[in-house]
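The values are calculated or read from the model by the stated rules, or taken from the named source; none is laboratory data. No experiment lies behind these values; they were computed from the predicted model shown. Neighbour counts run over all protein chains shown; Cβ positions are idealised from the backbone, glycine included. What goes into the accessible areas is simple: the full protein's heavy atoms, side chains included, and nothing from ligands, DNA or RNA. Shrake-Rupley method; radii C 1.70, N 1.55, O 1.52, S 1.80 Å.
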Amino acid sequence: MLETKTAAFTFVKQGIFYFSRRVPSDLSHHYDTDRISYSLRTKSAVVANTRATRAALQLDEHWYHLRVQDVDLPGKHRLRCQSQSALSLQTPQAGTEQNTVTLSEAVGIYLRLKGSGRPVTFHRAAERSCGYVIDICGDKDITAYTKKDANAFRDNLIERKLAGSSITRIFGTVRSIINFAASETGIDMNNPFGKVYFDRKAGVEERAPLPLDTIRKLQCECRNLDDELRWLVALVADTGMRLAEAAGLLRDDLKLDDPVPHLVVQEHSWRRLKTASSSRKVPLVGSALWAAKRVLQTETGSKFAFPRYNKTETTNANSASAALNKWIKQYGPESCTMHSFRHSMRDRLRAVECPADIVDQIGGWQTEGVGQSYGSGYPLEILSKWLNTAA
């Protein structure tokens, strides 16, 4: 609800300024919404006005480019447009002037070519990371950025008290986008956002595994409470799955009638997998087998094993994480999270002297070596034996 209008293209909600602008009707076919609206992340009217004005100017320029695509304009084929759907850049031929591309255009190239079918978080990370660079250093040609710009960007992220792991992720995204755009447009350059020094461990909390007695206590509570949230915890506890992998399962992914009861971790349109090795079959033992049975015994009318977290186009693993992390902290160390079960499974399998390549197959971890890509891996019977020993 619009509470207070204070400047062009802004409104205030709970003290925070938001940008809001209607998409022109003649360009509506380029968008999936009729209004562009987002938080300006400030309570200052002066700062909000500056950011909103800049956003409005960027949109005006972008809409101009969209409109000229629809007219018979001389030299139209030479235009560079920031629109992902219409962007078409040619690699320069020998002896011709090298293409130039701004960072915002580089994001468009990257998402157009690599963003198809990727989750919204992929697009958001690319736009947000490069947006930080543009806020600090400006939207320059990618060849115009210097090491001084990269260092200023690093210093700003540190001043905002981001953890070393977050800074590493942001720099990695920016570096990848610039390298990809340079390659696509035939630009030969040294990326200044590479080899930037900072403490990668600063502010990073080690994710400790859950003690075995805590796991047993949690599994007991799961059986006592016996609801959808606790089935999800129990399933993760004795499989070592990533929470998103479990939350996005279909009921059909649970194979209880097989000689070796197991679940199938496979990519779905609503939940992508982290790596290629994440696609796997995991035997169901202990609390995980109990949880799978309870899921299939309960008729919900949904195809999903956990419909609570699959009400939109993508699995809401963040919501699951927030709810379950809060619950398990009542029984374990303050630092424990749902991901701690994954660390614990690795230790539990080590404790029974399970071979490392079997551990990797169960958890969907990448195993090094060319030979590991040959064959179909260990049969379910072998995986089940080791999981039963650990459970």
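Does segment 172-198 hold any residues that are out of contact with any Pro (no Cβ under 9 Å at 6 or more places or on another chain), in contact (Cβ under 8 Å) with a residue 40 or more places away in the chain and either in a helix (DSSP H, G or I) or on the phi > 0 side of the Ramachandran plot (or both), and which are they?
Within segment 172-198, Thr173, Val174, Ser176, Ile177, Phe180, Ala181, Ala182, Glu184 qualify.
Tally time: how many residues in segment 25-34 are open to solvent by less than 90 Å² (accessible area, probe 1.4 Å) and not aliphatic (A, V, I, L, M)? Step through it out loud before you land on a result.
If we filter segment 25-34 for residues that are open to solvent by less than 90 Å² (accessible area, probe 1.4 Å), which is where we start, we get 26-28, 30-31, 33.
Retained after the next criterion (residues that are not aliphatic (A, V, I, L, M)): 26, 28, 30-31, 33.
Of the residues in that region, 5 qualify.
Quick check on this structure: which one of Arg216, Arg271, Arg242 is at pLDDT below 95 and touching a Gly at 6+ places or on another chain (Cβ under 6 Å)?
Arg271
Return the residues of segment 148-160 that are open to solvent by 40 Å² or more (accessible area, probe 1.4 Å) and either part of a loop (DSSP other than H, G, I, E, B) or under 23 Å from Gly186 (Cβ atoms) (or both); say none if nothing qualifies.
Arg160
Across segment 265-320, what is the number of residues that are closer than 26 Å to Arg223 by Cβ and hydroxyl-bearing (Ser, Thr, Tyr)? Walk me through it before giving the result.
Let us first name the residues in segment 265-320 that are closer than 26 Å to Arg223 by Cβ, namely 265, 281-310, 315-317, 319-320.
Pick out the ones that are also hydroxyl-bearing (Ser, Thr, Tyr) and you get 287, 298, 300, 302, 309, 315, 319.
So the answer is 7.
Can you name the residue in segment 46-65 that is surrounded by 14 or more Cβ atoms within 10 Å (Cβ to Cβ) and over 18 Å from Ile134 (Cα atoms) and is also modelled with the highest pLDDT among such residues?
Trp63
Taking only segment 295-305 into account, find how many residues are in a loop (DSSP other than H, G, I, E, B), touching a Leu at 6+ places or on another chain (Cβ under 8 Å) and surrounded by fewer than 22 Cβ atoms within 10 Å (Cβ to Cβ).
Of the residues in segment 295-305, the ones in a loop (DSSP other than H, G, I, E, B) are 298-303, 305.
Add one more test, that the residue is touching a Leu at 6+ places or on another chain (Cβ under 8 Å), and what stays is 303, 305.
So of that shortlist, the ones also surrounded by fewer than 22 Cβ atoms within 10 Å (Cβ to Cβ) come out as 303.
The qualifying residues number 1.
Note down all Cβ pairs under 8 Å where the first residue falls in segment 304-321 and is over 18 Å from Leu263 (Cα atoms), the second is acidic (Asp, Glu) and open to solvent by 30 Å² or more (accessible area, probe 1.4 Å), and they're at least six residues apart or on different chains.
Sorted first by the residue in segment 304-321, then by its partner, the pairs are Arg308/Glu228.
If we keep just the residues of segment 356-377 that are open to solvent by less than 70 Å² (accessible area, probe 1.4 Å) and under 26 Å from the mean Cα position of the chain (by Cα), which is modelled with the lowest pLDDT? First the steps, then the outcome.
Taking segment 356-377 as the starting set, the residues that turn out to be open to solvent by less than 70 Å² (accessible area, probe 1.4 Å) are 356-365, 367, 369, 371, 377.
With under 26 Å from the mean Cα position of the chain (by Cα) added as a condition, the list becomes 359-365, 367.
Values: Val359: 92, Asp360: 91, Gln361: 91, Ile362: 93, Gly363: 91, Gly364: 89, Trp365: 84, Thr367: 70.
Among them, the one singled out is Thr367.
For segment 242-294, enumerate the residues that are open to solvent by less than 20 Å² (accessible area, probe 1.4 Å) and under 17 Å from the mean Cα position of the chain (by Cα).
Within segment 242-294, Glu245, Ala246, Ala247, Gly248, Arg271, Ser278 qualify.
In segment 327-355, what residues are at pLDDT 90 or above and either exposed (fewer than 15 other Cβ atoms within 10 Å of the Cβ) or among the acidic types (Asp, Glu) (or both)?
Residues satisfying the conditions are Asp347, Arg350, Ala351, Val352, Glu353, Pro355.
Taking the conditions exactly as written (touching a Leu at 6+ places or on another chain (Cβ under 8 Å) and closer than 30 Å to Asn325 by Cβ), does Tyr145 satisfy them or not?
Details: touching a Leu at 6+ places or on another chain (Cβ under 8 Å): yes; closer than 30 Å to Asn325 by Cβ: no.
No.
Please give the number of the condition Arg112 fails out of (1) modelled with pLDDT under 80; (2) open to solvent by 60 Å² or more (accessible area, probe 1.4 Å); (3) under 21 Å from Arg124 (Cα atoms).
Going through the list (1) modelled with pLDDT under 80; (2) open to solvent by 60 Å² or more (accessible area, probe 1.4 Å); (3) under 21 Å from Arg124 (Cα atoms), Arg112 breaks only (1).
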